[in-house]
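One structure is given here, and the rest of the page talks about it.
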Amino acid sequence: MTVEAGQPAPEFTLTNQFGESISLADFRGKKNVVLMFYPFAFTSTCTGELCALRDSQADFEADEAVILSVSCDTPHTLKVYAKQENLVHSLLSDFWPHGEVARAYGVFLPEKGFATRGTFVIDKAGIVRWSVINPPGEARSADEYKAALAAL
């Protein structure tokens with residue numbers, strides 16, 4: 001079941017592309033969080049979405065928000081991908097246990113082995129305030145995330 005607006009965001013700790021442990025709780029009371037699930041690194045639609053976030057990083061920082069992008073890729077894969085695409089925000093690995101965080105948010109596709117395109121805007125209190133779920137082949141718009149943050 002997908003996490004909906006008004007519900008507490010499921011807590012998690014995952015490893016980013018630099019080998020650092022990142023927890024949702026790290027941002028509680030400090031930053032809003034844009035939690036963005038995507039199928040795989042090095043794919044065209046995912047790269048387009050992540051590069052759009054990269055290019056809008058200053059807008060998210062102005063809204064006191066941090067971007068956390070999650071895939072079922074390994075941290076090593078994410079490190080190479082981030083370097084290749086000059087991605088500076090945290091790319092989190094939901095590799096093992098495979099898709100555990102994506103499952104908690106209701107966006108894991110077990111028949112495919114990856115997360116669909118789900119995004120959750122989480123406020124500083126840890127409550128989901130907005131979300132969008134798109135099928136794997138349908139890109140999302142970073143402008144929608146910005147509008148959701150502006151409404152907080």
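Read-outs throughout are calculated quantities, based only on the coordinates presented, and are distinct from any laboratory measurement. Here the structure is a predicted model, which is why all the values come from computation and not from measurement. Cβ coordinates were reconstructed from backbone atoms using ideal geometry, including for glycine residues, and neighbour counts include every protein chain displayed.
Just a few scattered comments:
- Calculated [θ] (222 nm, deg cm²/dmol) that DSSP helices of n ≥ 4 give over the chain, each run adding -39,500 (n - 2.57): -8000 deg cm²/dmol
- In this structure, the amide hydrogen of residue 12, modeled 1.01 Å from its nitrogen in the peptide plane, lies closer than 5 angstrom to those of 24, 25, counting only residues at least 5 positions away or on a different chain.
- Sequence-distant residues sharing a close amide H with residue 115 (under 5 Å, placed H): 72, 109
- Amide H to amide H, with H built 1.01 Å from N, residue 127 comes under 5 Å of 9, counting only residues 5 or more places away or on other chains.
- Spin-label model distance (nm) - residue 44 vs residue 18, 7 Å beyond Cα toward Cβ: 3.3
- Looking at the chain, the DSSP beta bridges with both ends there are about 65 percent antiparallel.
- Phi-derived couplings, Karplus 6.51 cos²θ - 1.76 cosθ + 1.60 at θ = phi - 60°, listed residue by residue for region 64-81: 6, 10, 10, 9, 10, 9, 10, 9, 8, 6, 6, x, 5, 4, 5, 5, 5, 4 Hz, with x used for Gly and Pro.
- Distant alpha-carbon pairs in the chain (separation over 20 angstrom), percent: 42
- Residues in region 115-152 that a label on residue 5 would reach, taking backbone N under 11 Å of a point 7 Å out along Cα→Cβ: 121, 129-132, 148-149, 151-152
- For the chain, lysine pairs with C-alpha atoms less than 28 angstrom apart, excluding pairs fewer than eight positions apart on the same chain, total 14.
- Full-extension gain in nm, residue 84 to residue 64, via 0.36 nm per residue minus C-alpha separation: 4.5 nm
- For region 64-102 and region 121-146, distance of Cα centres in Å: 16
- Site pair residue 141 and residue 112 shows an inter-label distance of 2.2 nm when each label is modelled 7 Å from Cα along Cα→Cβ.
- Based on C-alpha pairs under 8 angstrom that are at least 6 apart in sequence, region 91-136 has a relative contact order of 25 percent.
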